[in-house]
Structure formats: structure tokens, C-alpha cells
Amino acid sequence: MLDLHSHILFDIDDGARRIEDSLEMCRVAVRDGVQAMVATPHFLSPLFDVSPDTARARFEALVARVRDEEIPLEVFLGGEIYCIPEIAARLRDGQALALNGGRAILVELPYEIVPAHFPQALFELQSAGYRVLLAHPERYAEVREGGRFLDDLRDRGVMLQITASALTGEFGPQEKKLCRRLLEEGRVHVIASDSHSPTRRAPGLSDAYREAVRIVGPSDAERLVEANPRGIVERGALA
């Protein structure tokens, strides 16, 4: 399995505090059956001031320790990018990172309201050649309330990534029910952990994979935790 959304980089945002925490998160992921993870620190967020240079330095330090300690995990670098009006320009200027340096990006919205600038920002991103993967749609009020928003995302080619622990019920019955509905409607492209520590929102996809198997069957469930995320990371496209 490939975990496309994680905060395993240390001392950079609200994820791992120390490199030892990062390493333990990698070990937890491996024990759960994960072969690869993407480190996705927050970029352009109003809550965290993260620079790509700092992210690369933390990433290189982590990769070196993973190799030295012989942890059998492939690690990629990307980012979870907050959707500000000038997101496309910031990407062009190197102030945020795409997934594995490719043309796919993981984008986050405010939880309570879809900003008015989102349609134009999405147009500019897609015009620049980026494929947009929307992080944790189950958290957004616009998704919970139904309506045209999800159809608009589908029509504009936006991919969706739900959170593993939301699907398994750790965030409560409402988000679990919503994740299930998104799966049943065929709207989900990726399941990822969005892990933040070795214990709180820990890495791991196997429980969510088994839940997805019960909902959509083994072939589609495998696509959500392996084929699609690997295709996005390695080629910028779905499997």
C-alpha cells in the first residue's frame, strides 16, 4: 500500500515533533503493510509557516535515517497546499511542493466554507497543467450538506482523498457514514492516513482497506490504497 497523505516530517507543522517520532511513524506504517509514504507538510497555511527548503532538509534527514536503520519504506516528498487565491502563482514560484515533484497536488480547503476564489484558483491550477487531489472532503461542510459541490468537483476532474480513520469511525459516525456514501457513489480516488504522530492519528491503512473491501469489493479497495496513489505519485495520473 502507498500512503499518499502524511505528516511524518519532524518539527515542521502539526505532525511529528522529533525525528524519532518520524521514524516510529515509519515503523508503524510498515508493520501495517504500507510500503511507501508521501510526506505532505502544510504549505501556504494560515496556521503554519513552512518553507520548501525546510521541508526538503527535513525530508533528506528522514530518508537518511530510514536508510540507516533499514526501515523497508519508500518515502516521497510532497505537500498539503492550502487553497489561497494565488495558489497557482505560489506553486510556479516554488513556494509550495507538488507530489513527488510532479504535476499532481494535494489541496486543502477551509472546513466550514468553500472560498469564493476556489473555482478561479482551480481553473488556474488546471490551466498550468496540475491534477488536483482534494484532501479529506468528509470534513467540509459543503460536502456534508450535499448539493452540487461534489458533482462540480467530478465534472472539473478533481480527485478526492478520504481519511482512513474517518472511514473506520475514529472521527465519529457522521464522518464514517459520509465516507461510506462517497465510496458507494464512486467518488473516492484515494484513501490515505493523514497521520500526525505514532499514536494520535497514527499511520496505517489496513483497517480502512478492509472497510473499503466490505463497501466496494477487493479490486476497487486495492485501487484506492495502491494503484491510484502510486499512479498519482509516480505519473501524476490515476491507475
**Request:** Working carefully through the options R200, R223, R210, find the one that is free of Cβ contacts under 8 Å to residues at least 24 places away in the same chain, part of a loop (DSSP other than H, G, I, E, B) and either out of contact with any Lys or Arg (no Cβ under 7 Å at 6 or more places or on another chain) or among the β-branched types (V, I, T) (or both).
**Result:** R200
**Request:** Would you please name the residue that is nearest to Y209 (Cα to Cα), looking only at residues in the range 2-29 that are assigned to a strand (DSSP E or B) and among the hydrophobic types (A, V, I, L, M, F, W, C)?
**Result:** L2
**Item:** Among the residues listed as E69, E112, E142, E60, the single one being in contact with a helix residue (DSSP H, G or I) (Cβ under 8 Å, 6 or more places away or on another chain), more than 29 Å from K176 (Cα to Cα) and among the acidic types (D, E)
**Value:** E69
**Complete:** Log entry, pairs with first residue in the range 135-164 being among the charged types (D, E, K, R), second being in a loop (DSSP other than H, G, I, E, B) and surrounded by 20 or more Cβ atoms within 10 Å (Cβ to Cβ), beta carbons closer than 7 Å, six or more apart or on different chains, reads none
**Message:** Can you pull out every residue in the range 169-195 that is under 21 Å from G33 (Cβ atoms) and surrounded by fewer than 20 Cβ atoms within 10 Å (Cβ to Cβ)?
**Reply:** G169, E170
**Request:** Restricting attention to strands (runs of 3 or more DSSP E) lying wholly within the range 30-92, give those where 1 or more residues are of a type outside the set (A, V, I, L, M, F, W, C) and surrounded by 20 or more Cβ atoms within 10 Å (Cβ to Cβ).
**Result:** 80-82
**Request:** Of the numbered conditions (1) on the phi < 0 side of the Ramachandran plot; (2) touching a helix residue (DSSP H, G or I) at 6+ places or on another chain (Cβ under 8 Å), Q120 fails exactly one; give the number of that condition.
**Result:** (2)
**Complete:** Checked the range 2-20 for anything charged (D, E, K, R) and under 12 Å from V66 (Cα atoms); matches are E20
**Message:** Residue under question is R223, and the condition is that it be surrounded by fewer than 20 Cβ atoms within 10 Å (Cβ to Cβ) and of a type in the set (D, E, K, R); does it hold?
**Reply:** no
**Request:** For the range 95-109, enumerate the residues that are surrounded by fewer than 17 Cβ atoms within 10 Å (Cβ to Cβ) and farther than 15 Å from P41 by Cβ.
**Result:** R103
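Every number here is computed from the coordinates shown, using simple stated rules; none is lab data. Not measured: the values here are computed from a predicted model. Cβ: placed from backbone, ideal geometry, glycine included. Neighbour counts: every protein chain shown.
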